[in-house]
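Here the structure comes first, spelled out in structure tokens, and everything after it is commentary.
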Amino acid sequence: MEMESGPKSAGKLLVIATPIGNLDDLSARVRSSLATADVIACEDTRHSGRLLAHLGIEGRLLSLHEHNERRRLSGLLATLHAGKTVALISDAGTPLISDPGFLLVREAVAAGIRVEPIPGPSAPLAALVASGLPPYPFTFVGFAPPKSGKRRTFYRKWAGLGHTLVVFESPHRILASLEDAATELGERPAALARELTKLHEEILRGTLREIAVELAARPSVKGELVLVIGAG
Ligand code: SAM
């Protein structure tokens with residue numbers, strides 16, 4: 001077993017959650033951490049630039065996304081070894097949760113750098129706790145695959161798990177995905193959380209097919225979605 005033997009350098013990596021819709025969810029600790037970090041690694045510098053401007057913070061932003069995370073590692077590790085504080089944020093919610101940052105955290109841990117979470121909003125947990133479904137054991141499975149064949153295999157993989165499942169899905173595919181989930185998992189209880197913490201927040205509860213019927217009756221489905229599926 002690997003024991004944490006304490007940081008070998010004075011720098012630290014802060015993994016910071018930012019709001020998923022409602023800016024009032026940004027804590028005082030997040031604000032002060034962003035204000036004092038030497039570098040803020042973020043998915044999209046324009047997007048995070050707007051958040052910082054809203055907070056009145058002039059941070060040094062550096063892009064870190066799926067296409068450059070590996071390339072950025074050595075520079076960020078050097079910054080951390082030099083004793084600086086690096087803040088890691090994503091466009092919304094908690095970094096690493098279907099967002100960039102895992103490679104950086106893994107390498108920072110391996111290099112003996114202190115890694116500190118600054119917790120806050122995360123869509124999967126927000127959906128889970130409001131779903132009315134058993135909150136644990138639960139498994140967060142990320143985005144369902146876009147194509148039906150792979151999606152059915154994906155749902156089938158979790159069929160015998162006995163856990164509440166938390167799935168990210170896009171509004172364009174949610175109807176087909178609910179159908180695939182029902183086919184592979186059976187008619188389970190579920191909750192569909194839409195636009196959490198935003199103006200049009202809504203949580204639909206029912207069986208997978210009941211939720212599909214409700215959505216099919218609408219002219220369109222819009223917004224960000226988390227599907228929570230009961231164990232059956
Ligand atoms: N790391 C983020 C987090 O911790 O919430 C998730 C990032 S992932 C790229 C984006 C997906 O999260 C969306 O497609 C949607 O499934 C879900 N999501 C994000 N914000 C949401 C919200 N306000 N309401 C419902 N789902 C949301």
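List His163, His67, His172 from most exposed to least, where exposure is judged by having the fewest other Cβ atoms within 10 Å. Could you put the intermediate results ahead of the total?
Numbers: His163 17, His67 9, His172 12.
The most exposed by this proxy come first: His67, His172, His163.
Build a GNM of the chain with springs between Cα atoms under 10 Å: which of Pro117, Pro95, Pro137 gets the top mean-square fluctuation?
Pro137
Scan around Thr139 for amide H atoms under 5 Å from its own, H built in the peptide plane at 1.01 Å from N, and keep only partners 5 or more places away or cross-chain.
Thr164, Leu165, Val166
Using a Gaussian network model on the chain with a 10 Å cutoff between Cα atoms, which of Ser63, Ser177, Ser148 fluctuates the most?
Greatest mean-square fluctuation among the candidates belongs to Ser148.
If you build a Gaussian network model of the chain, linking Cα atoms that sit under 10 Å apart, which residue out of Leu199, Leu64, Leu185 swings the most?
Answer for the Gaussian network model of the chain: Leu199.
Across the chain, how many lysine pairs, 8 or more positions apart or on different chains, have C-alpha atoms separated by under 17 Å? Please give the number.
4
Suppose every K and R has +1 on its Cβ and every D and E has -1 on its Cβ; what is the size of the dipole of the stretch 123-229 about the Cα centre, in Debye to the nearest 20?
It comes to approximately 340 debye.
So what's the gap between the Cα centers of the stretch 29-64 and the stretch 215-230, to the nearest angstrom?
When both Cα centres are located, 32 Å separates them.
Under the rule of at least 5 residues apart or a separate chain, name every residue whose amide H is placed under 5 Å from the amide H of Thr85.
Excluding prolines and chain starts, which carry no amide H, the hits are Lys12, Asp38, Val39.
Quick check: pseudo-label points 7 Å beyond the Cα along Cα→Cβ at His67 and Lys198, how many nm apart are they?
Using points 7 Å along Cα→Cβ, the separation is 2.4 nm.
List, largest first, the extents of the alpha carbons of the stretch 87-156 along their principal axes, each in whole Å.
Taking max minus min along each principal axis of the Cα atoms, the stretch 87-156 gives 40, 29, 24 Å.
When the Debye formula is applied to the Cα atoms of the stretch 149-232, each taken as the same point scatterer, what base-10 log of I(q)/I(0) results at q = 0.23 Å⁻¹?
Taking Cα atoms of the stretch 149-232 as identical point scatterers yields -1.12.
Calculate the spin-label point distance for Ala28 paired with Phe143, positioning each point 7 Å from the Cα along the beta-carbon direction, and give it in nanometres.
Roughly 3.8 nm, to one decimal.
Give the Rg (one decimal place) followed by the Dmax (whole number) of the stretch 47-143, computed from C-alpha coordinates and expressed in Å.
So, for the stretch 47-143, Rg and Dmax equal 15.5, 47 Å respectively.
Would you mind checking the radius of gyration and Dmax of the chain based on alpha-carbon positions, in Å?
In Å, with Rg to one decimal and Dmax whole: 19.5, 58.
Readers should treat all values here as calculations from the given coordinates under stated rules, not as data from a laboratory. What you see is a predicted model, and the numbers here were worked out from it, not measured in a lab. Because the Cβ atoms are built from the backbone with ideal geometry, glycine has one as well, and the counts that use them run over all protein chains shown.
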